[in-house]
1. Would you mind telling me the share, in percent, of accessible area of region 8-196 contributed by carbon and sulfur at probe 1.4 angstrom?
2. Taking only protein heavy atoms into account and a 1.4 Å probe, give the accessible area per residue of region 199-403 in Å².
3. Mind checking the alpha-carbon convex hull of region 77-131 and giving the volume per residue in Å³?
4. Taking a 21 Å limit on the Cα-Cα distance, which of the listed pairs Lys76/Lys394; Lys277/Lys394; Lys77/Lys185 fall beyond it?
5. Based on alpha-carbon centroids, what's the gap between region 201-260 and region 33-102 in Å, whole number please?
6. When N counts the residues of region 199-403, how does its alpha-carbon radius of gyration compare numerically with 2.2 N^0.38 Å, as a ratio?
7. Name the long-range amide H neighbours of Ile245: under 5 Å, sequence gap of 5 or more, or other chain; modelled H, no Pro or chain starts.
8. For the chain, compute Rh as the Kirkwood radius over C-alpha pairs and then the Stokes-Einstein diffusion coefficient at 20 °C and 1.002 mPa s; write the answer in µm²/s, rounded to an integer.
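The values are calculated or read from the model by the stated rules, or taken from the named source; none is laboratory data. Model, not experiment: these values are computed from the prediction. Side chains are part of the model used for accessible areas, which takes the heavy atoms of the whole protein and leaves out ligands, DNA and RNA. Shrake-Rupley method; radii C 1.70, N 1.55, O 1.52, S 1.80 Å.
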Amino acid sequence: MKFTFSKYQIFVVALLAFIQFTVVLDFMILSPLGVQVMDQLKISTTKFGLVVSAYAFSAGISGILAAGFADRFDRKKMLLFFYTGFVLGTVLCGIAPNYEFLLFARIVTGLFGGVIASISFAIIADLFPMEARGRVMGLVMTAFAASQVFGLPIGVFFSNLWGWQSPFWMIAIISGLVGVAALIKLEPIVSHLSERTENRAIKHLATTAGNSNYLPGFLATMLLATGGYMLMPFGSAFSVHNLGITLEDLPLVYFVTGVVSMAAGPLIGRAADKFGKYPVFLISSLIACGILFYYTAMGITPLWFVILINSALFVVITGRVISAQALNSAMPELRDRGAYMAISSSLQQLSGGIASYAAGLIVVQTPSGYIQGYPNLGYVVVVAILITVAIMYKVNEYVSSKHPAPAKSESDAALASET
């Protein structure tokens with residue numbers, strides 16, 4: 001039977017998509033601003049990599065701290081608490097006068113923002129059945145693409161006019177409006193409270209983290225973040241100084257890439273529900289490997305081809321994330337769902353922080369601005385992708401044992417026998 005969304009469920013999907021839009025944009029905006037930030041604050045690629053990874057490390061720590069409590073409270077209250085702190089951290093980024101203050105602001109933002117995705121995914125798993133989660137994830141994950149279509153070009157435009165801090169004010173204002181909508185319209189989400197869980201937060205955390213059935217999901221989530229955290233921090237500098245794209249053309253690259261990804265996201269979600277989450281993940285991963293080998297070794301390139309290859313890369317990355325998140329959401333039991341998602345998010349952020357810091361050590365920006373060592377990042381990311389493919393196979397096996405394919409109806413069986 002085909003799943004039909006209610007009006008309230010459509011609202012929840014839209015709300016979570018807007019929340020993801022602001023959180024993702026807050027993280028991604030540093031990539032196109034990297035050229036300006038490194039120039040105006042007079043910092044090296046290593047220090048800039050630390051600014052990016054500071055968000056991830058603090059998000060990872062807060063995820064671990066929040067995991068023990070994640071299944072003991074109304075998910076709406078948890079969402080609003082962390083989203084409020086995220087807005088505060090974003091405002092601090094908007095007033096940062098120097099490197100040290102910006103580093104502190106990113107830590108604050110990460111402490112709150114890093115937990116929001118896990119809460120959102122727990123809400124999705126609570127409110128939507130497995131057969132519809134590909135579509136839901138596809139819609140929610142269009143936030144990544146939308147942040148490029150609307151957020152990044154506008155953010156870069158604002159930064160060119162009023163300085164690199166101005167995009168953070170834009171994000172804070174949008175986030176405030178989204179937070180008010182969540183406060184007024186979102187209903188309490190408490191179904192998980194009916195399940196018996198360990199009363200002591202630390203023991204609940206330890207029990208969930210120590211569940212051997214969940215280990216493949218945790219490992220896959222850690223490695224899934226490697227590509228983005230290694231390539232994105234220096235993506236704008238690579239495009240400008242290695243590929244020959246001007247700062248004026250950079251917003252166009254992000255805009256077109258985002259439009260393509262926005263169109264692909266819902267289609268990929270439907271494909272994941274129809275053909276299977278793992279097959280979509282596998283195909284997307286293999287295509288991504290081929291593109292990365294070529295992309296990271298490119299030199300001066302025409303604008304149209306940079307847009308084309310960026311679009312192709314982001315489509316397959318979107319395919320990997322949507323299918324992996326939909327599959328991973330089915331791993332935990334209801335009583336562990338919030339803790340599992342928080343631990344997964346924490347591990348993802350911590351591994352991403354290590355990856356982005358390592359990227360700052362692997363690449364070197366010469367006095368002319370040219371980024372040396374970028375192909376080496378491509379090799380590392382490809383290896384991580386291939387390992388993740390193997391681990392996700394184990395995740396798929398476990399999920400399939402928990403959620404067997406529905407039996408064919410009598411009419412379907414009769415039709416099959418005739419053909």
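1. Numbers: 5000 of 6810 Å².
About 73 percent, which is the carbon plus sulfur part of the accessible surface.
2. Details: 8190 Å² over 205 residues.
Here the residues of region 199-403 average 40 Å² of exposed surface.
3. Numbers: hull volume 3.8 nm³, N = 55.
Taking only Cα atoms, region 77-131 has a hull volume of 69 Å³ per residue.
4. Numbers: Lys76/Lys394 32 Å; Lys277/Lys394 13 Å; Lys77/Lys185 13 Å.
Where the Cα-Cα span goes over 21 Å, the pairs concerned are Lys76/Lys394.
5. So the two Cα centres are separated by 15 Å.
6. Values: Rg = 18.4 Å, N = 205, 2.2 N^0.38 = 16.6 Å.
That ratio works out to 1.11.
7. Residues meeting the amide H criterion: Val240.
8. Working: Rh = 21.7 Å.
D = 99 µm²/s.
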